[in-house]
Every structure is written in C-alpha cells, then in structure tokens.
1. Simple spin-label model, 7 Å along Cα-to-Cβ: residue B:238 to residue A:173 in nm?
2. Once you place label points 7 Å from the Cα toward the Cβ at residue A:47 and residue B:105, how far apart are they in nm?
3. Rg over Rh of the protein assembly as shown, using C-alpha atoms and the Kirkwood radius, what does it come to?
4. Could you tell me which of the pairs B:148/B:239; B:43/B:239; B:43/B:148; B:148/B:294; B:43/B:294 are separated by over 24 angstrom between their Cα atoms in the structure shown?
5. Just to be sure I understand the model, the point goes 7 Å from the Cα along the line to the Cβ. What's the resulting residue B:177 to residue A:37 distance in nm?
6. Which residue, B:274, B:49, B:95, tops the fluctuation ranking in a GNM of chain B built on C-alpha contacts under 10 Å?
7. If you project the alpha carbons of region A:116-193 onto their three principal axes, what span does each projection cover, largest first, in Å?
8. Would you work out the charge dipole size for region B:33-307 about its Cα centre, treating the Cβ of every Lys and Arg as +1 and the Cβ of every Asp and Glu as -1, and quote it to the nearest 20 debye?
Amino acid sequence: MEPKRNRTKTLRWSGLVGLATRPEYSSAIILIVMVTVAAILQKNFFRGPSLVLTIDAFGPLILLTMGQAVVMVTGLLDLSAGAALSLYTCILTYVMKTGQPETGVYALLITFVVAAVVGIINGIGAGYLRISPVVVTFATSFIWLGISLFLRPTPGGQSVNWFNAFYDFRNVDGMPPLLQSVSSFLPPVLILVLVGCLFWYALSRTRTGRHLRAVGGNEESAYRSGINTARVQITAYVANSLFVFLAALFFVGQNQSGDARFGSPFTLQTIAAAVVGGIALTGGRGSVYFAIVGALIINLVNKIIFFANIPYAYGTLVAGAIVIIAIGGSQLYATYGNRALARGRVQR
Amino acid sequence: MYGIYDRNRKLIAAFIAIVFVFVVGQLTVSNFLNLNQVMITVKLASFIALFSLCQMIVMAAGGAGLDLSVGYTATMTAIFTATVMNGKNENLWLAVVLALGIGIAVGLANGLLSTYLKLPSLVVTLAMSQILQGIINVYTAGALITGKPSPVLQILAAKSTGAFPNIIFLLISVAFVVMIVLYRTKWGAMLFGVGENETAAYLSGINTKRVRTIAFVLSGTVASFIGLLLLGNMGVAFKDMGSDYVLPSIAAAVVGGVSLQGGDGNYIGVILGAILLQALLNLLVALGWGDAGKWLGFGIVLFVLLIAYVSDRRKR
C-alpha cells in the first residue's frame, strides 16, 4: 500500500509542477500583475459600472482571439478574421430594417450561413487546395473586403431594436425591467463569451475536436493515421467563423451600424493575443481558454497606457514592447522549465 | 528530366498573366496599353518588388518567416535622413550610414528575437513595426519633419531617362546582384539549404541560427535603403509613407512563386509578380467599379492565381 500512496502523491504534485512549467503559467502571472497595476491606476476598476464598461471593451477581442486560437491549435492561421468581421456587420445591417423586428431573424440566419461559407472557403483553400493558410486567408480577406464595400460603401445601415440585446438589455424596448436590470452587472458580451466557451467545450469533446489538435501537432502523421485532415481544417475555420460571428453580433448591437473597414486592425491583434496566451503558431500546443488571458493582456496594455497618463505618442511604442516582453518571457520561462525537467531537478 | 519549360513554369505563367491583364485593359479601357501607362505601372511595381526582396530573403530562410516591419523601417529611415540630408548631395554619405545603422539594428533585433529566442517572426516583426511606429510618433510629436532628399536620390527614384524611369535600371541591377548572391555564392546555397531542411543544414555544419539572423538583417537593411528611395521619389518624408507597401510586398513574393515553407525563391519571378499585381490593380481602378470592385477583383484573381500555381497538392 505504501508505495502506491506515494505514487499518487507524486502524480498530484507533478500535475502542479507540469502546469508551472507551461508557458501559459507566465502569461497568467503577467495578467495578475497587469490587473493589479490597472486597479491601482484606475481607482474604480472593480466597481460595477466601470467593470461593465471594461468588459464591453474587452469582449470582442476575447471572442476573436478564441476563434483564432482554434485555428492556430490546428496549425493554421486566419488573416481574414478582421475582414470577415466587417463583412458580417455589413450583411447584418444590410438585411435588417428599422421597425421590422422579423428582419433581425432573417439577418441572423443569413449571416450565420455566410459565416459557415466563409469558413468553408478558407478551409478548402488550406485543406484541399494545399495553399499555405497565411496566403489563402490573405487572399480571401480582399474578397470579404470587396463584398463588404459592395454592400456598404460608407459606414451606416439599419438595425432592429432587439439587436440591442447583444450589447445592453436596458436599450431593448418592451423587455421586462427585471431582465433589463441584469445588464447592469452581467454585460451581454460576457454571455457571448460564455456561449463561445461552451461551444468550444462541446467541440473539443467530439472526435473532430480531438483531431484538431492532432492535425496541428503533426499533419503528416495525423493523415497517415487515417484522419481526414482537410475536413478537420475546414472544421477549424468554420469554428473560427462562428466566434467572429458572435463578435459581429456584439458590434452591431453596440453601434447599430455596419462598417466595411473597421475590422481589419483586429486581425493581427488576435494573433498577437493568442501567442501571448501561450498558443504556438506552429500548432498543436496551447489552450483555447488561455487565449482569453492573452486577449485580456493585450487589452490591458492599452488601458494601462491610457490611465498611466503616458503621452499618446508613446502608446504604440509601449504596446509593441510589451508584446515582445510577454511572448519572450513566456518562451524563456518554458525553455528553462523544460531544461529543469530534463536535468531532473523537477520531476514530472 | 526537367525541360526549360518546367524549370521556368512559374515565370512563364506570371508573364502570360501580365500580358493578359494588359490586353484585357486595352480591350476594355481606352488607352491602357501605351508606353507611359506601362512605365507608370512598372515604376510603382518597382517599389513593391524591392520590398518583396526583403520578404523573399526572410521567406527563403524558412521557419515561416515574414517581415512585417519593413514598412516602418523604411518610413523611419526616410524621416531621419530627410533631416540629415537637408537637400544637399554632400550629406548623402551621412544618410547612407544612418540608413545602414537603422536597417542593421532593426534587422538584428528581429533576427535575434525570432531565431535565438524562437519567437514567431510574424508576431515579433509586427511588434517591431509597432515599436518603430511609436518612435516615429514620439519624434514627430516633438519636432516637425523637415528636410529634403539629396538631388542624387531624386534623380535615382523619381526622374526618368527618356521614357524609362531610372528606378527600373536600379531594380535590374539589384535583381542581377541578388541572383548572383543567391544562386552563385556559398551563402545563397546556405540560405536555401536552411529553408529547405533545417535539420539537414544543421547536421552538415551550417550555423542555421546565424544564417536566419543574417536574413533578417539583410531584410532590414534593404528596407532601410528603400526608405531613401521612397524619400527621393516623394520629395518629402511623412509618417505613414512605407506602411502601404507591406501587404502588397508579401502578395507579390507569393505570386512570384516564393514558398512560405522556405528554401525556394526566384527574384525575377517576384518582380513579375509585383508587376502583375500592380497592373491588375490599375486595370481594376481604370474599369471604374469603385473600391468594392477593385478589392473583390484583386482578391478573386489572387485566389485563382494561388490555386493555379502556388498550391502544392499532395500526390495521393
């Protein structure tokens, strides 16, 4: 009995050590430090109203980064995510007509289908046509931009009133006051993020979900072990599209309009955020939930720069430097952790 | 077994596509195919092609390398050297030294971070371009951008000899040097070797990390010197003068047949790719379909081009 108990103890301990040697761990430490700094700089950081504002500002990048993370875990990359985001807002506001609530339902359905098609096209390009994912999504981003500009040459458009539910329940006419007051402590974007998390939880429990990581880890051996890699890659892009779709719902709820160009700056931010969250660009490694940590760090950088009264001109300089420090830190941390493991100082 | 057609398949395809774009332009838009129009296209394409040289070197070194910082490297050089030159030829050497310094510093930082720390170059060079943009913002917040390029630079980048813009002759000589360095020197073989198979290159005694770092340094240096040319072409320096070239430079390199997997790349093809994309954009603008048609057409043609000859289908 004695040796067995010992072994369980070592195993449990090793789980903790294993976590501590992963790059995500240092990202979590950076996040805690940054939240502390932000809370010190902004006195009311944890108060209800300002926290709701913060969550509203952070939510979209969290959703987009989770989508990008799914794609990156599969060993792919999506440079068209920002353009696709713009496209969905343009379609939503193109279909919807103010004062006709039923058009909102049509808009939702049509955009949902378009989102799936966007994912399938990217996936076919990378999976079946064997074009490098960076290049294929780079090309499709122009196609999405073109269609968006065709639908909405200038920012604008109409929206139905109940779409406010994706931003703030209190703006929705005819909603019970009790339900409306929920928005004062639970912003709808948080619900969207939860929906995203549940979706990923469900997907990652399926056979295809497990195949995502297998294909990302080593496409060749995944293929040789009988996985239809192209179909798995299409699944990854479609999953990403759905996350982008959720972000588009939030933006249309917030702005009540569509814009063909506002999404593009998000694309590279999502990749940087995912890398900061410990997801390897080479695929197969990292946790999609930890992408949230990366997105929070990238968002907090901007918030801290704002509240620390750093002159506007220094903003981009500091933001760029922090990204390098964050990913460099986690890389060094992981390297030394692995070396310590290899030397046997820490036992896994 | 390879015939001359097989070896130059991508070059021939790009060339046919260029001719096709010009012919379609001539048929649909009046006066598309005259010498002036062609020369303007080639001149604009020359700057893209020069930026694509940076991408090609970094991509050829493998490891999914890309350099997103080339635009702001060029902008920073242009802004600082404009002040240094102040429109005088005798200050040109100072500007060249400054450009060299900026290029090497930026490239070395990119290279060391992405090879020795093993960070993804896509994110490193993106963050680097943010840092450079930040430095430019800080500088321009405190001081006005003053100064002009030296007349030599203006002759080189903006003026024409007869119908031919001088930049074309520069591009041809650059292409000549690049082809010799990449295909006829030991270093070129090492670069492609590292890109093709890093492990094999390492086991044959090549310092793979150093080769990749040098690739980034070269990319930064070339980008920095393009900054001088952009300054010569525009006559003044401004804050975002280089950033519009970054994405086209990647597109041109890819259309020109450079593989993102590394170990491959023909600069002549890249130049043809740049001319093709620029001619296509001109055509789509001339057709007058507006922004929507322009980007939609560009995206679809890019996608089709990629399917046609970039995709390497698995032999099943």
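Values quoted throughout were computed directly from the atomic coordinates according to the rules given, and no laboratory measurement underlies them. Keep in mind that what you see is a predicted model, and the values were worked out from it rather than measured. When we count neighbours, we look across all protein chains shown, and the Cβ atoms used for this are built from the backbone with ideal geometry, even at glycine.
1. For residue B:238 paired with residue A:173, the spin-label model returns 4.6 nm.
2. Simple spin-label model gives 4.4 nm for this pair.
3. Details: Rg = 25.9 Å, Rh = 26.5 Å.
Answer for the protein assembly as shown: 0.98.
4. B:148/B:294
5. That separation, rounded to one decimal, is 4.2 nm.
6. Top of the fluctuation ranking is B:95.
7. If we take the Cα atoms of region A:116-193, the spans are 53, 28, 16 Å.
8. Numbers: 12 positive and 8 negative charges, 74 e Å.
Charge dipole of region B:33-307: 360 debye, to the nearest 20.
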